[in-house]
Amino acid sequence: MRKLTYFIACSIDGFIGDPSGDATSMYTFVNEEFLSFLTTEYPETVSAAGRQALGFHDAKNQRFDTMIQGRASYQLALDAGITSPYAQLRELVASRTLKESPDANVELISEDLVGRVRELKSEESDLGIWLCGGSQLAGELIDEIDELVIKTYPLVYGSGMPMFGSDFKAIEFTLDAVRTFDNGALVRTYSRKR
């Protein structure tokens, strides 16, 4: 069975964006060392435009072949005129408002989100599924998440968009690895206790 991995950036206090969802303040921590980590270990999580600009557009996917994101996250790409932000992956967007996909590479999920994710997890593949965001989607899929990869930047937001937009529920994960970077960022990997 394939894993659903919530690979996400957050502040020290667990916010993935400010109250409006903006996370651009985190981008300042993507220095050469951190970018090298992303491009070698998680190259598929760099947008198609970013891969092109950085000169590794044909890099092989290391961890994921499929990604799923929420409507608000996808809207950021649409606002920039990009209909398939992660063209190197099979893209799915959970949306109750979009009625038709603007791109052949983007599948819309408007109902039975959990059922569709379970179908994806049961597919034969050596690569997993990347839950890209956002908060509400992660909250809806919390019971399906098998792994957390949390890129924590040395920022405190105080308030904003939490990692999980859901009701209270204590769910236990096991810490598998911690990687620290010179810029103060760290990446923690957790696996779900089942």
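Results, tabulated for the structure shown:
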quantity: P(r) tail fraction, the range 84-137 - alpha-carbon pairs more than 16 Å apart, %; calculated: 45 percent
quantity: The chain, dipole about Cα centre (Lys/Arg Cβ +1, Asp/Glu Cβ -1), debye to the nearest 20; calculated: 260 debye
quantity: Relative contact order (%) - the chain, alpha-carbon pairs under 8 angstrom, separation at least six; calculated: 34 percent
quantity: Neighbour cut-off at most 16 other Cβ (10 Å), DSSP loop, chymotrypsin sites (Phe, Trp or Tyr not before Pro), the range 74-151; calculated: none
quantity: Fraction of antiparallel bridges per DSSP, the chain only, in percent to nearest 5; calculated: 40 percent
quantity: Projected label distance in nm at Ala170 and Ala59, using a 7 Å step from Cα toward the beta-carbon; calculated: 3.9 nm
quantity: Fluctuation leader among Pro162, Pro85, Pro102 - the chain, Gaussian network, Cα springs under 10 angstrom; calculated: Pro102
quantity: Scattering curve values for the chain, log₁₀ I(q)/I(0), Debye with Cα scatterers, q = 0.13, 0.14 Å⁻¹; calculated: -0.69, -0.81
quantity: Cα-only radius of gyration and Dmax that characterise the range 88-194, units Å; calculated: 15.8, 45
quantity: Using a Förster distance of 22 Å, the FRET efficiency for Asn183-Asp13 (Cβ separation, nearest 0.05); calculated: 0.75
quantity: Distance in nm between pseudo-label sites at Glu119 and Thr28 (7 Å out along the Cβ direction from Cα); calculated: 4.4 nm
quantity: Over the range 1-102, equivalent-ellipsoid semi-axes from the Cα gyration tensor in Å; calculated: 21, 19, 15
quantity: Whole-number D in µm²/s for the range 50-93 (Stokes-Einstein; Kirkwood sum over Cα pairs; 4 °C, 1.567 mPa s); calculated: 114 µm²/s
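Each value in this text was obtained by applying a stated rule to the coordinates, not by laboratory testing. Note that the structure is predicted; figures quoted are calculated from it, not measured. All Cβ positions, glycine included, derive from the backbone under ideal geometry; neighbour counts span all protein chains shown.
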